[in-house]
Amino acid sequence: MPRIAYVNGRYLPHREATVHIEDRGYQFADGVYEVCEVARGYIVDMRRHLDRLNRSLAELSIDWPVSRAALEIILREVVGRNGVKNGLVYFQVTRGVAGRDFVFPSNVKPSLVVTAKKVDPNFQAKRAETGIKVITVPENRWERVDIKSVGLLPNVLAKQKAKEAGCQEAWFVDAEGMVKEGGSSNAWIVTRDGVLVTRPAEHGILRGITRTTLLDVIGKLGLRFEERHFSVEEAKEAREAFVSSATTLAMPVVEIDGRTIANGQPGSVTLSLREAFFDVAEKSPA
């Protein structure tokens, strides 16, 4: 089955899906995006992703390209046309196409692109059996990382550095040595007292949708939780560490900057969060 993409009102073969060279997303990174997990034929946490899309658009004064109800239909249609039962659906909104100028253009319709792809559901499960390795990098991004912008070059460089170091993720660290978040994930630890900790999401990190759903999972499982800053050193001394995102759920971290975490094996708390996640998450039939 050939892949199908949606571009500004048209469903097209993936290889023919293009945008104009003066789309402001291409020239200025003037746009935002979301990624939803598709699992067992459901789009996971779609309402929360659309809520965050709405916030990102509002922060950048970009209009919705279509109504929210229409976008829900488009997401389901793209998932269905690609036969995705387990995978991802990606949607991106930019300010639109206009002659190159830094100021906002007037009377321009935002651009909308939606793609979906299949992902082996066993891939991340197998990775979770052994966990991943993380490096830390100095924070070098703009302050508004709470907006899910397509301007991701610092994240790209951080994740490339992680790959070259034989790791799977990079954690951004602020000037005080406190962990902020990963290149494409939120960062967590479990203290030696069994308390889950992650940085507050009001400023300086993205309020991850999977992060938010994990808070629901934590409540359902009756686990202890603190929303506070934690240092790289505290993470290295933790009982467990993990990252969260739509593509990884709760993924165990077994090494940070070459330092083994606890016994070097995925922790029981992280694995319990993975096991309970699907049942707690909101599920919209695709």
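Here are some notes:
- Whenever a residue of the stretch 1-16 is closer than 20 Å to GLY96 by Cβ and assigned by TED's automatic domain parsing to the domain that holds GLY96, its partners that are surrounded by fewer than 16 Cβ atoms within 10 Å (Cβ to Cβ) and basic (Lys, Arg), lying with C-beta atoms within less than 9 angstrom and at least six residues away or across chains, give the pairs ASN8/LYS109.
- Of the criteria (1) modelled with pLDDT under 95; (2) out of contact with any strand residue (DSSP E or B) (no Cβ under 7 Å at 6 or more places or on another chain), which one LYS220 fails: (1)
- Condition met for ALA116 (small (Gly, Ala, Ser), touching a strand residue (DSSP E or B) at 6+ places or on another chain (Cβ under 9 Å) and in a helix (DSSP H, G or I)): no
- For the condition surrounded by 17 or more Cβ atoms within 10 Å (Cβ to Cβ) and in contact with a Ser or Thr (Cβ under 8 Å, 6 or more places away or on another chain), ILE43 qualifies.
Matching residues to (1) under 22 Å from ALA246 (Cα atoms); (2) modelled with pLDDT of 95 or more; (3) among the charged types (D, E, K, R):
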residue: ALA17; (1), (2), (3): no, yes, no
residue: GLU22; (1), (2), (3): no, yes, yes
residue: GLN27; (1), (2), (3): no, yes, no
residue: TYR33; (1), (2), (3): yes, yes, no
residue: ASP63; (1), (2), (3): no, yes, yes
residue: ALA70; (1), (2), (3): no, yes, no
residue: VAL79; (1), (2), (3): yes, yes, no
residue: ASN82; (1), (2), (3): yes, yes, no
residue: ASN107; (1), (2), (3): no, no, no
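- Among the residues making up the stretch 18-37, those that are of a type in the set (Val, Ile, Thr) and over 23 Å from the mean Cα position of the chain (by Cα) are THR18, VAL19, ILE21.
- Residue ID - surrounded by the most Cβ atoms within 10 Å (Cβ to Cβ), chosen from residues in the stretch 118-148 that are out of contact with any helix residue (DSSP H, G or I) (no Cβ under 7 Å at 6 or more places or on another chain) and over 29 Å from GLY264 (Cβ atoms): VAL145
- Checking each residue in the stretch 52-77 for being crowded, with 16+ Cβ neighbours inside 10 Å and within 20 Å of ARG207 (Cα to Cα) picks out ARG52, LEU53, SER56, LEU57, LEU60, ILE62.
- For the stretch 119-149, taking the residues that are among the basic types (Lys, Arg) and closer than 23 Å to ALA241 by Cβ, the one that is farthest from the chain's Cα centre (by Cα) is identified as LYS126.
- Inter-residue pairs, beta-carbon under 6 Å, first on the phi > 0 side of the Ramachandran plot and in the stretch 125-142, second surrounded by 12 or more Cβ atoms within 10 Å (Cβ to Cβ) and part of a strand (DSSP E or B), 6+ apart: GLY131/PRO252; GLY131/VAL254
- Looking only at the stretch 233-286, and only at residues there that are free of Cβ contacts under 8 Å to residues at least 24 places away in the same chain and of a type in the set (Asp, Glu), the one that is surrounded by the fewest Cβ atoms within 10 Å (Cβ to Cβ): ASP279
- Identity of the residue in the stretch 1-16, of a type in the set (A, V, I, L, M, F, W, C) and within 23 Å of the chain's Cα centre (by Cα), that ends up surrounded by the fewest Cβ atoms within 10 Å (Cβ to Cβ): VAL7
- Being more than 26 Å from GLY166 (Cβ to Cβ) and within 16 Å of the chain's Cα centre (by Cα) is true of ALA281.
- Output for the stretch 197-219, where each listed residue is more than 17 Å from VAL44 (Cβ to Cβ) and buried (at least 23 other Cβ atoms within 10 Å of the Cβ): THR198
- Contact map, the stretch 190-213: first residue touching a residue at least 12 places away in the same chain (Cβ under 8 Å) and outside the structural domain of HIS49 (by TED's automatic domain parsing), second residue of a type in the set (Asp, Glu) and crowded, with 21+ Cβ neighbours inside 10 Å, Cβ cut-off under 6 Å, separation 6 or more or different chains; pairs are VAL190/GLU240; ILE205/GLU181; ILE209/ASP45; THR213/ASP45.
The values are calculated or read from the model by the stated rules, or taken from the named source; none is laboratory data. Treat the numbers as computed from the prediction; the structure is a model and nothing was measured. As a convention, Cβ positions derive from the backbone with ideal geometry for all residues, glycine included, and neighbour counts pool all protein chains shown.
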